[in-house]
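Please read the structure below before turning to the comments.
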Amino acid sequence: MLARRDEIIVGIVILCFGVLLLTVLIPNYVEVPRRVRLLALAPYFWPNIIGALLVLCGGLLAVRAYFTPPTPPEQTESLAISQPEALRLAGTLLLLVATLFALPRLGMVWTTMITFVAMVLLTGGKRLVWAIVVAVLLPLVLYIFFYKIAGVAIPQGRFVRLP
Amino acid sequence: MSFFDAFVQGFALVAQWESLAFLALGIAIGVVAGAIPGMSATMAVALTLPFTFAMQPITGILLLLGVYKGGIFGGSIPAILIKTPGTPASSATALDGYPMAEQGKAGKALSMALYASCIADFVSNLALILVAGWLAAFALNFGPPEFFTLIVFSLTIIAGVSGDSLLKGAVAALFGLLLATVGMDFIGGTNRFTFGSPDMMAGLNFIAVLIGLFALPEIFSHIRNPKEREGNVRKLGDSHLTREEFRGSLKSILRGSAIGVFMGSIPGIGAAPSAFLSYSEARRASPNRENFGKGEIEGVAAAEAGNNGVAGATLIPLLSLGIPGDVITAIIIGAFMIHGLTPGPLLFTNHADLVYALFIGLIASSVLLLFIGWFAVRGFRYVADIPSNLLFPSVLVLCIFGVFAINNSIFDVGVMLVMGLLGYAMLLLKFPAAPFLIAFILGPLLEDKFRQSMLMSRGELDIFVRGPITIIFWCLTVISVVLIVRSTMAAARIRRQQRRTSMPPRTGTNG
């Protein structure tokens with residue numbers, strides 16, 4: 001269970017998202033055809049219902065958390081994150097973004113090999129020799145299955161192309 | 001096509017070596033994945049899904065069903081041997097399974113878990129065969145308003161029982177519905193929330209969303225806190241089960257199977273509540289009730305029967321109504337969609353041979369599970385030793401290849417990564433992922449049925465309360481909301497009382 005303060009914040013964030021949806025996202029990013037036969041058939045009708053319900057649920061979450069007695073600390077799950085944990089998660093995020101950009105350039109096989117080893121290093125780098133063996137074999141096996149058997153055009157990249 | 005023709009054609013589909021081989025392979029993958037601490041049956045089914053693209057519909061779907069069945073049983077192996085349940089539902093198995101393993105009777109516990117799983121699975125498959133066709137025939141009478149109210153009812157239950165709070169489940173479902181609106185609106189032909197990206201015009205890919213939501217959060221959790229598995233694998237010991245031990249547990253197995261069938265056929269309930277209910281009913285009725293929790297073999301049998309009894313029954317709403325009952329069946333719906341099949345009443349009319357082939361394959365899976373499970377129990381030591389710092393990067397590589405293979409799209413890989421972050425945030429903030437995914441799948445259908453109803457009634461909302469079926473579904477929705485709110489309030493009351501009793505008495509400052 002989260003702390004009462006965190007639950008209130010979560011409720012308020014959902015409420016604000018609902019308001020943002022109703023006031024900014026739907027008016028600007030839902031295109032409306034020139035003629036709408038029925039209001040219920042309009043493309044904005046359903047998103048509006050969802051937005052209104054999000055506002056309601058977010059408000060109820062915040063109000064419920066406000067009126068609920070605080071949870072004892074031993075039963076509360078903290079959202080606090082230590083510095084090494086934050087660094088590892090931030091490193092993973094960067095790694096995943098880099099992977100996404102490298103896929104069409106380096107090719108899927110080479111990119112995933114590097115990502116594999118980088119991820120093992122991020123979590124302490126134990127069994128590095130095994131990690132390198134698996135990092136090389138697994139993408140190659142998957143490449144053979146998807147490219148040769150299933151006929152999927154796995155991105156090859158601009159540098160080293162596989163047969 | 002008559003029943004006999006459909007049955008014969010279905011048998012011919014299953015009787016090919018590929019069908020049986022892929023079913024067996026699926027069970028083996030599922031058992032191994034379920035047995036690996038940190039993996040789950042859901043993750044295994046999600047990761048296997050992309051490999052079914054290149055297969056025939058029947059072999060692909062049987063492979064996934066095999067992974068599902070094997071995964072549910074596989075979860076019991078680490079629950080018994082290292083007290084680390086592979087699936088949430090296996091937690092009930094650990095209650096008596098691990099004490100048995102401590103007493104040197106792990107082999108007996110695993111044998112009982114295997115027999116109970118196979119029997120419950122068989123009973124559940126029979127229930128599916130008997131009920132699904134009848135329900136599908138009944139559902140042929142459903143029009144758009146009936147389907148709309150049925151989906152509202154299903155989403156309400158799934159939102160209510162998937163997490164700790166109905167409100168959080170509802171918010172998760174609303175986000176799933178919102179995400180389902182992304183793409184081109186099929187009535188007006190206009191774009192919704194595409195932000196000018198042509199990749200988003202066809203909507204977000206369902207498989208990218210589900211793999212991101214269910215596989216990646218586990219990877220983030222591992223990276224945040226990379227722990228090695230603790231504790232030793234217990235020795236198997238004697239695994240021979242006597243006739244008396246089996247007979248003594250048979251009643252609990254059959255009762256657990258019935259509980260599993262009942263709870264599995266209601267969308268959203270899932271295996272964990274069924275396993276715990278079966279376990280508590282067995283403890284209430286057993287002459288050995290004082291041994292429960294200390295290593296009672298009947299406890300293992302009851303928990304596993306309740307757990308596996310849902311496996312066939314969750315397919316009842318999927319096949320007959322097109323409503324996925326839980327996350328795994330929501331993933332299996334993807335396999336149908338990949339091959340251009342739509343689960344629901346019309347599946348029984350248009351693809352009766354495939355439906356009967358699935359039924360026959362499911363019965364065969366109960367028998368195959370018995371053999372594959374026997375070997376898996378003995379080979380667990382090798383599976384348990386897979387280090388998590390090699391396992392999770394492997395899962396990520398599988399996710400990237402699998403998601404790309406759906407549409408040859410790197411955009412889908414990006415969607416998966418974003419969904420992984422969203423799934424991890426939901427995990428931290430205690431929002432259940434199941435209502436999100438199921439609402440995302442059912443969202444287009446819900447909106448479609450709503451609009452069809454509005455067209456039929458020319459905008460009059462009373463179409464949703466005109467027929468008896470819609471009124472029944474509204475009543476069921478209201479009843480389920482009332483029951484969920486009442487149980488939440490009762491749990492909060494108990495927590496408050498516990499807090500009061502655990503607080504030290506106040507001492508007066510004036511005294």
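Going by the structure shown, is B:Leu446 open to solvent by 40 Å² or more (accessible area, probe 1.4 Å) and within 10 Å of chain A (Cβ to nearest Cβ)?
no
Collect the residues in region A:94-141 that are of a type in the set (Val, Ile, Thr) and on the phi > 0 side of the Ramachandran plot, keeping them in residue-number order.
If the condition is that a residue be of a type in the set (Val, Ile, Thr) and on the phi > 0 side of the Ramachandran plot, then no residue fits.
Name the residue that is nearest to the other protein chains (Cβ to nearest Cβ), counting only residues in region A:129-150 that are at pLDDT below 90 and open to solvent by 20 Å² or more (accessible area, probe 1.4 Å).
A:Ala150
Here are some residues: B:Gly237, B:Gly212, B:Gly183, B:Gly189. Which one is within 14 Å of chain A (Cβ to nearest Cβ), open to solvent by 30 Å² or more (accessible area, probe 1.4 Å), more than 23 Å from B:Ser480 (Cα to Cα) and of a type outside the set (Lys, Arg)?
Of the residues listed, the single one that is within 14 Å of chain A (Cβ to nearest Cβ), open to solvent by 30 Å² or more (accessible area, probe 1.4 Å), more than 23 Å from B:Ser480 (Cα to Cα) and of a type outside the set (Lys, Arg) is B:Gly189.
Looking at B:Gly203, B:Gly160 in this structure, which one is in a loop (DSSP other than H, G, I, E, B), open to solvent by less than 30 Å² (accessible area, probe 1.4 Å) and either more than 10 Å from chain A (Cβ to nearest Cβ) or modelled with pLDDT of 90 or more (or both)?
Working: B:Gly160 fails: in a loop (DSSP other than H, G, I, E, B).
Residue meeting the stated conditions: B:Gly203.
Just name the residue that is farthest from the other protein chains (Cβ to nearest Cβ) out of those in region A:52-74 that are touching a Leu at 6+ places or on another chain (Cβ under 9 Å) and open to solvent by 80 Å² or more (accessible area, probe 1.4 Å).
Selected residue: A:Leu56.
For region A:21-51, what are the residues that are at pLDDT 90 or above and exposed (fewer than 14 other Cβ atoms within 10 Å of the Cβ)?
Within region A:21-51, A:Thr23, A:Val24, A:Pro27, A:Asn28 meet the criteria.
If B:Ile472 satisfies all but one of (1) in contact (Cβ under 8 Å) with a residue 40 or more places away in the chain; (2) more than 11 Å from every other protein chain (Cβ to nearest Cβ); (3) among the aliphatic types (A, V, I, L, M), what's the number of the condition it fails?
(1)
Which one of these is farther than 30 Å from B:Leu177 by Cβ, open to solvent by 20 Å² or more (accessible area, probe 1.4 Å) and within 22 Å of the chain's Cα centre (by Cα): A:Leu100, A:Leu79, A:Leu95?
So the residue among A:Leu100, A:Leu79, A:Leu95 that is farther than 30 Å from B:Leu177 by Cβ, open to solvent by 20 Å² or more (accessible area, probe 1.4 Å) and within 22 Å of the chain's Cα centre (by Cα) is A:Leu95.
Among the residues of region B:426-443, write down those that are within 13 Å of another protein chain (Cβ to nearest Cβ) and either open to solvent by 40 Å² or more (accessible area, probe 1.4 Å) or not in a helix (DSSP H, G or I) (or both).
B:Leu427, B:Leu428, B:Leu429, B:Lys430, B:Phe431 - these are the residues of region B:426-443 that are within 13 Å of another protein chain (Cβ to nearest Cβ) and either open to solvent by 40 Å² or more (accessible area, probe 1.4 Å) or not in a helix (DSSP H, G or I) (or both).
What do you reckon, is B:Asp412 part of a helix (DSSP H, G or I) and within 13 Å of chain A (Cβ to nearest Cβ)?
Yes; evaluated as a whole, the condition is true for this residue.
Here are A:Ala118, A:Ala153: which of them is of a type in the set (Gly, Ala, Ser) and either more than 9 Å from chain B (Cβ to nearest Cβ) or under 28 Å from B:Thr52 (Cβ atoms) (or both)?
Among A:Ala118, A:Ala153, only A:Ala153 is of a type in the set (Gly, Ala, Ser) and either more than 9 Å from chain B (Cβ to nearest Cβ) or under 28 Å from B:Thr52 (Cβ atoms) (or both).
The values are calculated or read from the model by the stated rules, or taken from the named source; none is laboratory data. Just so it is clear, the model here is predicted, and its values are computed rather than measured. Glycine also receives a Cβ, built like all others from the backbone with ideal geometry; neighbour counts cover every protein chain displayed. Heads up: the accessible areas ignore ligands, DNA and RNA and are worked out on the full protein's heavy atoms, side chains in. Shrake-Rupley method; radii C 1.70, N 1.55, O 1.52, S 1.80 Å.
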